[in-house]
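Notes to accompany the following structure.
The values are calculated or read from the model by the stated rules, or taken from the named source; none is laboratory data. These figures come from a predicted structure and were not determined experimentally. Cβ coordinates were reconstructed from backbone atoms using ideal geometry, including for glycine residues, and neighbour counts include every protein chain displayed.
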């Protein structure tokens, strides 16, 4: 039996996670000059992080309610 670290919340009853995949995608801005801005910050790209879990033969993306 694996015991989670003391700092990790206990997982609710449910199937064990068989696989975890994490992908990061960097998408450059397409504005003239290359910098997007909102009056407070400037940026040249947006990063998307995609997390997928596989458990009990099903693959899906966790929802905020899964994060605790």
In segment 40-68, residue farthest from residue 23 (Cα to Cα) [restricted to those that are loosely packed, with under 10 Cβ neighbours inside 10 Å and at pLDDT 90 or above]: 40
So residue 13, is it part of a strand (DSSP E or B) and modelled with pLDDT under 90: no
Could you tell me how many of the residues in segment 21-42 are at negative phi, part of a loop (DSSP other than H, G, I, E, B) and touching a strand residue (DSSP E or B) at 6+ places or on another chain (Cβ under 8 Å)? 2
